[in-house]
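To keep things clear, I will list the structure first and then write my remarks on it.
The values are calculated or read from the model by the stated rules, or taken from the named source; none is laboratory data. Just so it is clear, the structure is predicted and the values come from calculations on it, not from any experiment. Reconstructed Cβ throughout: ideal geometry from the backbone, glycine too, with neighbour counts over all protein chains shown.
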2 protein chains.
Amino acid sequence: MNLKKIKRAIVSVSDKSNLESLLPTLKKFNIKIISSGASFKKIRSLKYDCVDVSSYTGFDEMLDGRVKTLHPKIHAGILNIRKNKKHKKDLIKLKIPNIDLVIVDLYPFEKKLTEKLNFKKLVEHIDIGGSTLIRAAAKNFNDVTIISNISDYKMLVKELKKNKGSTSIKFRELMSAKAFNLTAYYDSVISNWINSRINIKFPSKKTLHGKLIENLRYGENPHQKGSLYSSSDNLSGLKKIHGKSLSYNNYNDIYSALSIAKSLKKNKGVAIIKHANPCGVSEENTQIKSFKNALNCDPISAFGGAVAINSIVSKQLAIELNKVFFEIILSKGFKEDALKILKKRKNVRLIDFSKFDFTSNEQLLFLGNTFLVQDVNNILINKKIKVVTSKKPTSNQLKSLKFAFNICKFAKSNAIVLVNKNSTIGIGSGQPSRLDSCKIASQKALKYLPEKIINSVAASDAFFPFPDGIQELARFGIKAIIQPGGSINDRKVIQAANKAGLVMVFTETRHFKH
Amino acid sequence: MNLKKIKRAIVSVSDKSNLESLLPTLKKFNIKIISSGASFKKIRSLKYDCVDVSSYTGFDEMLDGRVKTLHPKIHAGILNIRKNKKHKKDLIKLKIPNIDLVIVDLYPFEKKLTEKLNFKKLVEHIDIGGSTLIRAAAKNFNDVTIISNISDYKMLVKELKKNKGSTSIKFRELMSAKAFNLTAYYDSVISNWINSRINIKFPSKKTLHGKLIENLRYGENPHQKGSLYSSSDNLSGLKKIHGKSLSYNNYNDIYSALSIAKSLKKNKGVAIIKHANPCGVSEENTQIKSFKNALNCDPISAFGGAVAINSIVSKQLAIELNKVFFEIILSKGFKEDALKILKKRKNVRLIDFSKFDFTSNEQLLFLGNTFLVQDVNNILINKKIKVVTSKKPTSNQLKSLKFAFNICKFAKSNAIVLVNKNSTIGIGSGQPSRLDSCKIASQKALKYLPEKIINSVAASDAFFPFPDGIQELARFGIKAIIQPGGSINDRKVIQAANKAGLVMVFTETRHFKH
C-alpha cells in the first residue's frame, strides 16, 4: 500500500466551490493548511484554520500575487524524497516542513479563450505558479498527494477516511496521472492558441488535445473499446433531440454527412451517407424534391444510413422520411408537427445541427504512432475551369458539373459521380481502379434511374489515366465530364471525349479522399 | 517592433553543446549571466563571467538542486510587467533586478524513456524548475525572450546583432510559441507514459503529440499543405534505401500495406495496396508465387500501387517486380543483386521495414475538432468459429476461410474477399451495399482469374443482411463463406447457403473498417 500520512496541505484553487465538502475531513485528521489570496479568505470564512503563504514563506506577496508560491520553502517541502537522508538533513537545517498534499487547480484559460477577451488579458490567465505546484507534487507522487480537480475531492475524502489520514500509493499515482493529463492539456491549449495566432501551421513539436465527451458502447466493432473526445465542450453544436446514444460509426457518418451539407447552398439540399460515403446527394429547389432525389440515387444503400437535411424539416418531409429506415436524421431543426411524426420511430436519432460549427482548419490522419497533418480541402474551383473539348458546356451543364465535382470531394477515391441537374444519380467510389468506379456509378444509375442517364454529367475526383473511363461513361449517354486533368494521356482522353461528342472541362484541382 | 533591451539572462541547459556560439554575443552586449550547476561550470570553463544562482538568490542549493531556481527573486525578475508601476515599485523595494532572457531547455525525459531506466530513475528526469522558467518567460514574452532549444541560438545571435542587444516582439512571440509547444509536448509524453503504466485508456483529458518528421511536398491533394509527424524518432523503423521522397498518399498506402504484412505469417506473403485498400494479397509457400498471385488478383489496379513483401527480396523476385510499375516496394530487406536490379527504376521507392514496429495500441480518427479513440482491431478469431450449415468445411477450406476473413479486416467496408487456397482472387470493398461488394469481388475474379473461382471461398467483414449476397456468390461457384453472423435474417441466410450446397461458418467477430 505504501501509505503516507498527510500532515500539511497547500490549497490554492481557482474554483472555490466544494471546499466545504473537503475541509471537515482535513480538520478531522489534523492536516495543517497553507493557502493564499481568495482561497485563504474562503477557508477562513468557512471557519477553518489556515496560514497565509506569505507568512509561511516569510516572503511578502508582490506583483499582484504572480510569484507567491514560487518559493523554495514551498517546493522543497513538496519535492524532497522522504527517505533520502541528505534531503532530510537539508530540510532540518533550513527548518522546512514537508507538504504532503497539494490541492491546486489552474486558472481557467480555456474557458477564457471562449470569452473573447483581448489578447493581453488572455495572457494573464496563463497559470505559472499553479502549474508548477501541480507538476512538482505529481512528480513526487511516491510521497505527495496531488488533487488537481474539484471532482476528485470526494475520492480524497474517501481515501483519507479509509486510511485514517493517509493515502495509498495507488491513489497517489492515479492522481499524479490526472495531474499530468491536466498540465499537458492546459499547455496544449496554449500552444495551439499561440501557433494559430502567429500562423505556425506545422510546429516542430505538435500536441493535440481533447476532453472525454463519452465512453461509447464500443468502437468500430463490438470487440474494440471506444470513446469520443472533443476540444469543444458542446461537440461543436450538435444537439441530439431524440433516440438512443450514438455509436462510433454513427459519429463517423455524421461527420461525413455534415461535411457535405456544409458545402451545399444555405438551407438547401440533402445528403445521405452510408459507411461514411455518400450514396445520394441533391440540391433541388424544394426540400421534398431534394430528399426524394437523394434517396432515389441508391435507395437500397440508403437503408440504415444517415441523412443530413440542410434546412428545417417540415411535416411533409417527416412523412417521407418515416417511410425509410434511417439510423440518423440530421437537420437545421424540426417543425413541431414534424418532430411528432419522426419521434414515433424509436430507433432513429434526431439531431439538430443548426449551431454546428466546423472550426478546424486542419485534417489529421493517424497511422499508428505517426500522423499526417494537412489543410482541410476547401478550395473553390470556380476560376480555374477550362473547357478542353470542341463542344462547350451549356450554363445548366456547367452548374451540374460543378455540383458533381463538389460531391466527388466527399466520396472515397477513386470517385466518379454522375449528376442529373442538381442531384446525383450514380456514385462509384472506393475503388483501386478508376474504370471500376465508372462502371459502378453507371450501373447504379442504370439500375435505379435509367431515365435520367441521358444528358447527365459526370465528375471524376482525379484525372483519367486512360480513355477507357470516358468511353465507358459515353456508352451510357453521359454528355459532359468534369475532371482535374493532368495525365500524360490527356490528349488521348480529350480525343476520346471529342470523338464521343462529349463536353469536357478541366479543373486543375484534385479531390482525393481516402 | 516593441524592442526590448536585454540586460540580464539566466542560463540553465541540459544540453551544453553550442554555448560557445552564443556567449560571445551575450558578452558583446554586456548581458549579465545567472547560471547554476553544470551550466555554470561550463560557462566559467569557457572563460565568461557568470553568477551562481544560489549566490544570486541568497538561498543555498539543497535537495540535489531540485529547487534552485524556484525562487521569487528569479521569477519576479522574469514575470513582472515592465510598464506596471506597482510591479516596478515592488521590485525596487525588494532589490530584485529584471531577467530579460531565459535560456533553458528540459531534462531529456523522452530520450530516457527509450533507455529502459527503472521507474524511479525515470521519474527523476521529469523537469520541474526548467519547465517553470520556460513557461514564466514564455507567458511574459511581451517583456522577456525565451530560448528553449539550442537550435534557436543562431536566430538569437542574429536578432541581438540586428537590434543591438534588443529583441523584437515578433521574435519574442515566436520563441514563446516554441516554448509552449515544448512544454505541452513534454507533459504529453509524461501524461501518456503514466496513463499507459496504470492502464488508463480513456483519460478525461487526453493529449497526443508528435515531432515534425518532414514537411511534405503537399497533402492528399496538391492544393493542401501537409506534414508528417511521429512520436518516434525513426518513423518506427522504416528505412528508405532508394527513390524520391514519400508523399502524403504514399504514407497512407505504406501504413495499409504494413498492417496487412504484419498480419501474415512470418517471412511469408505479399500484399499490394492501391488507394489505401488491398487489391491483392497472397500467402503461398514461395516468395515468387505469393507475388504473382497477389498481382494477378487485380493487375490493373496494382499499377502504381504499393507492394509489401514479408521477406527478403531475391534476385528472381526483383526481376518480376521490375516488370510492373510500383510506386513503393516494401520488404524485410533486399538481396544485393536484387537491389541492383530494382534501383534501375528511378521512380520506385524501396523501403526496408525489417525494423518496423507498430507500437500503438490505440487507433484515432479525427473528425474536425472531435476525435474517436478505440482499441486497435487485433482480435484472433480462431476459437469462436462455428459451422452453421449442414455441409462442414474441409481443413483446407477452413484455412482459406480464415485467411480470407483476416484480409477482410484491412479492406474498407463493406468488404467481400474471395480466396483460392491462400491467395485473394477478388476483393470488393468500400461499397454502401454488401450486395454490390459481392458483385465487384466476383466480377473481378471472373475477369482476371475465372479458372480459380470454382471451389474458392468468400469472407464478409460483417453479416449478410439478406440472402441475396449468398446467392450472388454461389452463382459463380464459390463453395464456402465466412462471416460474423448476427443478422435478424441469419436463418434465411443459412437456408440460402444450405440450398446452394455451401459451407458457411460464423465468427461472431465483425471487421468494419472505414
Check residue B:17 against each of (1) outside any helix (DSSP H, G or I); (2) touching a Phe, Trp or Tyr at 6+ places or on another chain (Cβ under 9 Å) and name the one condition it does not meet. (2)
Kindly provide the set of residues from the stretch B:163-179 that are surrounded by fewer than 19 Cβ atoms within 10 Å (Cβ to Cβ) and touching an Asp or Glu at 6+ places or on another chain (Cβ under 8 Å), ordered by number. B:168
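Yes/no matrix, rows are residues, columns are (1) more than 30 Å from residue B:365 (Cβ to Cβ); (2) modelled with pLDDT of 95 or more:
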position: A:420; (1), (2): yes, yes
position: A:433; (1), (2): no, no
position: A:450; (1), (2): yes, yes
position: A:459; (1), (2): no, yes
position: A:470; (1), (2): yes, yes
position: A:480; (1), (2): yes, yes
position: A:488; (1), (2): yes, yes
position: A:493; (1), (2): yes, yes
position: A:499; (1), (2): yes, yes
Residue check: is residue A:244 of a type outside the set (A, V, I, L, M), more than 7 Å from chain B (Cβ to nearest Cβ), under 28 Å from residue A:335 (Cα atoms) and in a strand (DSSP E or B)? no
Could you tell me whether the stretch B:164-176 includes any residue that is within 13 Å of another protein chain (Cβ to nearest Cβ) and without any contact (Cβ under 8 Å) to a residue 24 or more places away in the chain? yes
Any chance residue A:263 is modelled with pLDDT of 95 or more and away from every other protein chain (no Cβ under 12 Å): no
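Among the residues that make up the stretch A:379-386, is at least one of them at pLDDT 95 or above and either surrounded by fewer than 18 Cβ atoms within 10 Å (Cβ to Cβ) or farther than 21 Å from residue A:464 by Cα (or both)?
Pass one, the stretch A:379-386, residues at pLDDT 95 or above: A:386.
Filter again for either surrounded by fewer than 18 Cβ atoms within 10 Å (Cβ to Cβ) or farther than 21 Å from residue A:464 by Cα (or both), leaving A:386.
Yes: one or more hits.
I need the full set of residues from the stretch A:264-274 which are crowded, with 24+ Cβ neighbours inside 10 Å and part of a loop (DSSP other than H, G, I, E, B), in order please.
Answer for the stretch A:264-274, where residues must be crowded, with 24+ Cβ neighbours inside 10 Å and part of a loop (DSSP other than H, G, I, E, B): just A:269.
With a cut-off of at least 2 residues that are under 36 Å from the mean Cα position of the chain (by Cα) and within 10 Å of another protein chain (Cβ to nearest Cβ), name the helices (runs of 4 or more DSSP H) lying wholly within the stretch B:403-514. Spell out the reasoning first.
On the way: elements: B:434-448, B:468-475, B:490-499.
Result: B:434-448.
Here is a yes/no grid of residues against (1) touching a helix residue (DSSP H, G or I) at 6+ places or on another chain (Cβ under 9 Å); (2) closer than 19 Å to residue A:106 by Cα; (3) basic (Lys, Arg); (4) at pLDDT 95 or above:
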site	(1), (2), (3), (4)
A:161	yes, no, yes, yes
A:170	no, no, yes, yes
A:173	yes, no, no, yes
A:180	yes, yes, no, yes
A:184	yes, yes, no, yes
A:209	yes, yes, no, yes
A:219	yes, no, no, yes
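Working only within the stretch A:277-288, note down all residues that are among the polar types (S, T, N, Q) and in a helix (DSSP H, G or I). So that I can check it myself, show each step before the final result.
Restricting attention to the stretch A:277-288, the residues satisfying the condition of being among the polar types (S, T, N, Q) are A:277, A:282, A:285-287.
The one that is among the polar types (S, T, N, Q) and in a helix (DSSP H, G or I): A:287.
Do we have any residue at all in the stretch B:19-28 that's crowded, with 18+ Cβ neighbours inside 10 Å, within 23 Å of residue B:70 (Cα to Cα) and modelled with pLDDT of 95 or more? Before the answer, list the steps.
Just the residues of the stretch B:19-28 that are crowded, with 18+ Cβ neighbours inside 10 Å, to begin with: B:19, B:22-23, B:26.
Filter once more, so that each one left must be within 23 Å of residue B:70 (Cα to Cα): none.
No, every residue in the stretch B:19-28 fails to be crowded, with 18+ Cβ neighbours inside 10 Å, within 23 Å of residue B:70 (Cα to Cα) and modelled with pLDDT of 95 or more.
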Scan the stretch B:168-181 and tell me whether some residue there is within 24 Å of residue B:21 (Cβ to Cβ) and part of a loop (DSSP other than H, G, I, E, B). yes
Tell me yes or no: at least one residue of the stretch B:116-127 is within 21 Å of residue B:29 (Cα to Cα), buried (at least 18 other Cβ atoms within 10 Å of the Cβ) and within 35 Å of the chain's Cα centre (by Cα). no
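Working only within the stretch A:187-236, note down all residues that are more than 7 Å from chain B (Cβ to nearest Cβ) and in a helix (DSSP H, G or I). Before the answer, list the steps.
Initially, the stretch A:187-236 is screened for residues more than 7 Å from chain B (Cβ to nearest Cβ), giving A:189, A:192-193, A:196-197, A:199, A:213-214, A:216-218, A:233-234.
Of everything in the stretch A:187-236, those that are more than 7 Å from chain B (Cβ to nearest Cβ) and in a helix (DSSP H, G or I) turn out to be A:189, A:192, A:193, A:196, A:197.
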Is there a residue in the stretch B:367-381 that is under 29 Å from residue B:511 (Cα atoms) and either of a type in the set (Asp, Glu) or more than 29 Å from the chain's Cα centre (by Cα) (or both)? yes
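For every residue, the table says whether it meets (1) among the polar types (S, T, N, Q); (2) outside the structural domain of residue B:31 (by TED's automatic domain parsing); (3) touching a Pro at 6+ places or on another chain (Cβ under 8 Å); (4) without any contact (Cβ under 8 Å) to a residue 12 or more places away in the chain.
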{"position": "B:97", "(1), (2), (3), (4)": "no, no, no, no"}
{"position": "B:107", "(1), (2), (3), (4)": "no, no, no, no"}
{"position": "B:112", "(1), (2), (3), (4)": "no, no, no, no"}
{"position": "B:118", "(1), (2), (3), (4)": "yes, no, no, yes"}
{"position": "B:121", "(1), (2), (3), (4)": "no, no, no, yes"}
{"position": "B:128", "(1), (2), (3), (4)": "no, no, no, no"}
{"position": "B:135", "(1), (2), (3), (4)": "no, no, no, no"}
{"position": "B:141", "(1), (2), (3), (4)": "no, no, no, no"}
Only one of B:160, B:208, B:156 that is touching a residue at least 24 places away in the same chain (Cβ under 8 Å), touching a strand residue (DSSP E or B) at 6+ places or on another chain (Cβ under 6 Å) and either aromatic (Phe, Trp, Tyr) or surrounded by fewer than 23 Cβ atoms within 10 Å (Cβ to Cβ) (or both): B:156
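Take residue A:345 and decide whether it is charged (D, E, K, R), away from chain B (no Cβ under 14 Å) and within 24 Å of the chain's Cα centre (by Cα).
Details: charged (D, E, K, R): yes; away from chain B (no Cβ under 14 Å): yes; within 24 Å of the chain's Cα centre (by Cα): no.
The answer is no for residue A:345.
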Of the listed residues (A:43, A:34), the one being part of a helix (DSSP H, G or I) and not basic (Lys, Arg) is A:43
Within the group A:91, A:63, which residue is under 30 Å from residue B:123 (Cβ atoms), within 11 Å of chain B (Cβ to nearest Cβ) and of a type outside the set (Ser, Thr, Tyr)? A:91
Output the residue which, of all residues in the stretch A:387-402 that are part of a helix (DSSP H, G or I) and among the basic types (Lys, Arg), is surrounded by the most Cβ atoms within 10 Å (Cβ to Cβ). A:402
